[in-house]
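Notes for the one structure printed next.
None of the figures in this text is laboratory data; all of them are computed from the coordinates on show. Keep in mind it's a predicted model, so treat the numbers as computed, not measured. Glycine gets a Cβ as well: all are built from the backbone with ideal geometry, and neighbour counts include every protein chain shown.
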Amino acid sequence: MKAILKKLFALSLTLIVSTSLFAQEFQGKAYYFSKTPMDLGTWGSRMSEAQKKQIEARLKDRLEKTYILTFNKQESIYREDEKLDAISGATDSWGKNFTPGVQYKNIKTNEFSQNQEFYGKQFLVKENLSPIEWKMENETKQIGQYTCFKATCKRPVFDTSWWTFSWSEVSNNNAEKKVDTLKTNDLADNMKTPVEEEVEMVEVEAWYTPMVPVSQGPGDYWGLPGLILEVSVGNTTLLCSKIVMNPEEKIKIEAPDKGKEVNKKEYKNIITEKMQEMRDNRGRRN
């Protein structure tokens, strides 16, 4: 504990100097690198190493991504730094339907909004900023030139994946509808109190630095006494590779306003039902 206090004292001296940076026009940019290991499951066990490498090369743009967080004292814009596919020379049009769009956070007004494009249709996902109950840990480490402190939390899996899709969700969605129907009938017949739905949670590990005293981070992560430089959730890690304070070219940080306005759950239902419809149509044609 004493070691932590000494580091905090040393950091406080740095913060006194850095506060002069935080004038009304202050702006910063943080660049993040995301990497998810390839998991081929039992299917992959039957492949040769050469086949695995070939698939990994083709999936590289989906497994490895770069993002840019532009922030000021209370607002931020987070977006993917799109790049061309190394093999085809084009952007990943399929993957784009299931990746997070441009995201806006305002920690003062508790505002969250995110643009999503799904097969040519524009959606604007708006909600209050999700609260995160961080647990402050005693560990520290160095990320680049920044001393970072560890924090952990548990979040609903839904909060970390509402824009994504897997075919298993179609089956789960159908099962949930059947269960809801059964519950409704049961309540009507027996007037029983509904059973509270169990929420699947996931562990999150974050590293933040008070040397950049803004309560921002990549994605919808926020709420720590310093910029979040690293986040690990599931098998994916987001790591900050570079921070630029007061860049010469500043951008206007503002909330997106285009697209059909929905909340996260409504958007998830839209893409799941659309994918099920596409599968059903393909089955009828076959």
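Net charge within 13 Å of K126 by Cβ-Cβ distance, Lys/Arg positive one each and Asp/Glu negative one each, not counting K126 itself?
Values: positive: K105, K258, K260, K264, K265; negative: E111, E127, D220, D257, E261, E266.
Counting the neighbours of K126, the net charge comes to -1.
So what's the net charge close to Y104: Lys and Arg +1, Asp and Glu -1, counting the other residues with Cβ under 11 Å from its Cβ? Don't skip to the end; give the middle numbers.
Working: positive: R79, K105, K126; negative: E75, E111, D220, E254, D257.
Here the count lands on -2.
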